Structure formats: C-alpha cells, structure tokens
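Worksheet: one structure, shown below.
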Amino acid sequence: VAFTENGTRHIGEAAKDQKEVAEWIDKAAQPDVTSEANIQSLNTTLTPRTYIVNNTLSAADVAIYGALHPYFSKLQPPQYYAIPSLTRFFDHIQSLPSVRSSGTAFSTVVIDIENAPALERKAEPPKKEKKSTTATVPENASAPALASDASTAPTQKAQKTEKKEKKKKEGSAEQSGKKAANAPAVDDGEPVP
C-alpha cells in the first residue's frame, strides 16, 4: 500500500471495489501466487484490463506487482512472451512514476517488447440468428387434426401471396400519384425572411 501515490491508500471507492482489492491483496500474499495455473489465470484476467480492479491504479495492482517481481526477474523473453497480458501489466505498473518514486521500489525488470512476436487476434464471428424451419406441433394433437392442418397450409400460403401482390399493385398506384404531389419545389431565388 505504501507504493501508491504519496503513501495514500488506493483501496477503491465503492464497497464492491474495496472488497475486490482486499481479495486481490490476499491472493498476492499466497505462496502459490506464481504457480503456473495462477499465472495463466491472471494473464486471462488481465487480457481485457489495464488494472486489476476498476480502471485506476489500486493497492491490488501494487500488491500483485510486488508478488510477481521475483518471478518476472527470473524470466527469459520467450517465457514472458508466452503471457503477454500479464507482461504488459507488470511492465506498466513498474514504469508508473508513483511506483518508481517510492523509496522501497524494486529494481526495474528489463522487458524486451521491441522483439516480441506479434499477437494473433481473432475476431469473433458474427452471430447469426437461426429461424425455426419446422413447425411446432402440440404433443396432444391427433393424426387427423395434423392432416387437416397440412391440407390448409397450401391454401393459406396462396392467400398470403395474393394479399402481397394486391398490396404491391395498390402501393405502386399510390406511389405514382404521390410522386407528382411530392415533387420538389422550383427554386425561386433567395429565401424570404
């Protein structure tokens, strides 16, 4: 907590944020914070985020940074390239002036971002709405009732198509009459106030 701006505590403004910051600080204190499973989980958590809690630096970010510093100081480039979101987070936190200026700051871990491999980002395919093509049949319907429904279906379709054609004919007749009425006015010069 002392690593944050001017020794002030960044524990979140809302009660929900304060609770989440406290949980992350507890996680940072666990001895297995740098286990492979926790590292991958943290990398996934940080993929869409800049900070762990909310959109500002908090004590949780500093605690996780402190817990990860010994781990990151031992990594080689291929190892930290494998966890790009966590590497980005770690480098961002270590380069913040408020973290760097504190008297007990860790040494800077040099991360070679210039030679990092390009990340493949796959766009999510557009979601298509599926329309049901099969008619739902009530479970208690009898076979004769189904047969009568099937025989009326073609006549219903024919009636619908007739209505559509009739509307098209009426619509085109009305539009031809409206076109003359909706013709743009002739420009007579400047508008009169």
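We did not get these values from a lab; they are worked out from the coordinates using the rules stated. No experiment lies behind these values; they were computed from the predicted model shown. Every residue, glycine as well, gets a Cβ built from its backbone with ideal geometry; the counts of neighbours run over all protein chains shown.
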*Once phi is turned into θ = phi - 60°, what whole-Hz ³J(HN,Hα) does the Karplus curve with 6.51, -1.76 and 1.60 give for every residue of the range 15-23, x standing for Gly and Pro?*
4, 4, 5, 4, 5, 5, 4, 4, 5
_As an exercise, use a Förster radius of 22 Å and the Cβ-Cβ distance of Glu13 and Gln40 to find the FRET efficiency, rounded to the nearest 0.05._
0.15
*Packing-wise, with mean Cβ within 10 Å as the measure, how do 37-48, 107-118 rank, highest first?*
37-48, 107-118
